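The values are calculated or read from the model by the stated rules, or taken from the named source; none is laboratory data. Please read all numbers here as calculations on a predicted model, not as lab measurements. A quick note on method: Cβ atoms are made from the backbone with ideal geometry, for glycine too, and the neighbour counts reach across all protein chains shown. Each accessible area value is taken on the protein alone, full model and side chains, heavy atoms only, with ligands, DNA and RNA left out. Shrake-Rupley method; radii C 1.70, N 1.55, O 1.52, S 1.80 Å.
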Amino acid sequence: MELDIRAQALSLGLALAQGAGLGLLYDLLRPIRRHGGSSVWDALFCLCAAAAAFLFAMRAPNGVLGSGEVLLSLFGLLLYFQLLSPVFLPIFVNLDRTFGAIWIFTQNLRKKVLLSAKKLFQNLRE
C-alpha cells in the first residue's frame, strides 16, 4: 500500500518535530540530572523516547516506523542541539536554580515552623 506524498511529508515533518521535542525534554532534564546524580532521569528520558517512537509507529498508516522517520527524528534532535539548545539550556539552568532555592527556603521554613510548634506544645503541656 503506497502512501501519498502529503502523508509522507507530514510523517517526515512530525518525525523532525518529535526529534526536536525529545531534545527539548533532554535539555529540561539535564540540569536536574547534573544535581541529582541519579540515573533515574536518564531512564525517564529513555522511556519517553521509546514511548514517542512507539506512538509514532502506531500512528503511521502502515504501522511501521520507517528508516526515514528514524533518521529525520535523529536529525531533528541534532538540529535542536545545534540551534536551540544554546538558547534554552541557560533558561532551564536558571529555572532549576530558582526552584532549588525556593525548595531549600520552604524546607528551612518548614523545619522552623515544626520546631516552633514543638516548643509551643511542650510549653503548653507543662
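Some values worked out for this structure:
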quantity: From the options Ser67, Ser38, residue that is under 23 Å from Gln8 (Cβ atoms) and among the polar types (S, T, N, Q); calculated: Ser67
quantity: Residue in region 38-46 that is surrounded by 16 or more Cβ atoms within 10 Å (Cβ to Cβ), out of contact with any Pro (no Cβ under 6 Å at 6 or more places or on another chain), assigned to a helix (DSSP H, G or I) and in contact (Cβ under 8 Å) with a residue 60 or more places away in the chain present; calculated: no
quantity: Per-region count, region 47-72, residues open to solvent by 60 Å² or more (accessible area, probe 1.4 Å) and over 30 Å from Asp96 (Cβ atoms); calculated: 9
quantity: Matching residues in region 83-101 - criterion: being modelled with pLDDT under 90 and open to solvent by 90 Å² or more (accessible area, probe 1.4 Å); calculated: Arg97, Phe99
quantity: Which numbered condition Gly23 fails, given (1) more than 11 Å from the chain's Cα centre (by Cα); (2) surrounded by 15 or more Cβ atoms within 10 Å (Cβ to Cβ); calculated: (1)
quantity: Scope region 54-78; condition in contact (Cβ under 8 Å) with a residue 60 or more places away in the chain and within 12 Å of Leu24 (Cβ to Cβ); matching residues; calculated: Gly76
quantity: Failed item, numbered, when Tyr80 is tested on (1) open to solvent by less than 60 Å² (accessible area, probe 1.4 Å); (2) part of a loop (DSSP other than H, G, I, E, B); calculated: (2)
